[in-house]
Amino acid sequence: MIYSLNGRVKKVFNTFTVLDVNGVGFKIAMSEKDLGNLSEEKELNIFTHLHVKEDALDLYGFLSPSELSFFELLISVSGVGPRSALSILDVAEIGKLSAAIIENRPDLLTQASGIGRKTAEKVIIELRGKVATLQSEEIVKSMESDGDLVETLASLGYRKETARVALAKISADTIGLENRLKEALKILSGKNK
């Protein structure tokens, strides 16, 4: 119903943003990854999904049409609601999530908050033929490594979602577990300039 909204970011909260569109403030739930990329007072186009419930109309927003499409694929799976779908999108970029689905790796999807093994397996069964990516085996190995890094950073006291955001900011040229950990710690401590 509402494909996208263009306006100024009024305020960014933990789970949503308020987008001012010609004087009307829209509350839009977004992934933590996307919220981390927003700046207040910045003009922005957000692609949206209007989720209709008995007692509410909720807007979910995305920075790209491909994220919106993947979100809509996820919520088409029985047992995966909008909040769970956002949580899955926080685990990794769409190409990596597609690779995890293609390679039948529910353990990588269970890294999402609120997603158990049965739900992850259901996502894989229902979406395997609907997603595509190149070099899925290599991508899955990279996700395993990043999963280990998230656990390591969590053991150091960082929130898993915060650790994932930091890992997403690391250059693709940075390889090796130790080097990626050092870069993540720099980002998390604010010393990455």
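Laid out as a table, the results:
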quantity: Leading residue by the ranking (modelled with the highest pLDDT) among those in region 150-193 that are surrounded by fewer than 16 Cβ atoms within 10 Å (Cβ to Cβ), among the aliphatic types (A, V, I, L, M) and over 19 Å from Asn14 (Cα atoms); calculated: Leu156
quantity: Test: residue in region 89-96 that is in a loop (DSSP other than H, G, I, E, B), of a type outside the set (Phe, Trp, Tyr) and out of contact with any Asp or Glu (no Cβ under 8 Å at 6 or more places or on another chain); calculated: yes
quantity: Flag if Val18 is in contact with a Lys or Arg (Cβ under 6 Å, 6 or more places away or on another chain) and either outside the structural domain of Leu149 (by TED's automatic domain parsing) or not in a helix (DSSP H, G or I) (or both); calculated: yes
quantity: Candidate set from region 28-58 (those that are within 23 Å of Ala92 (Cβ to Cβ) and either assigned by TED's automatic domain parsing to the domain that holds Ala85 or in a loop (DSSP other than H, G, I, E, B) (or both)); member that is farthest from the chain's Cα centre (by Cα); calculated: Leu38
quantity: Unique residue being assigned to a strand (DSSP E or B) and within 24 Å of Ile101 (Cα to Cα) when the list is Gly25, Gly61; calculated: Gly61
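The values are calculated or read from the model by the stated rules, or taken from the named source; none is laboratory data. Remember, predicted model here, so these are calculated numbers, not experimental data. Every residue, glycine among them, receives a Cβ derived from its backbone with ideal geometry; neighbour counts consider all protein chains shown.
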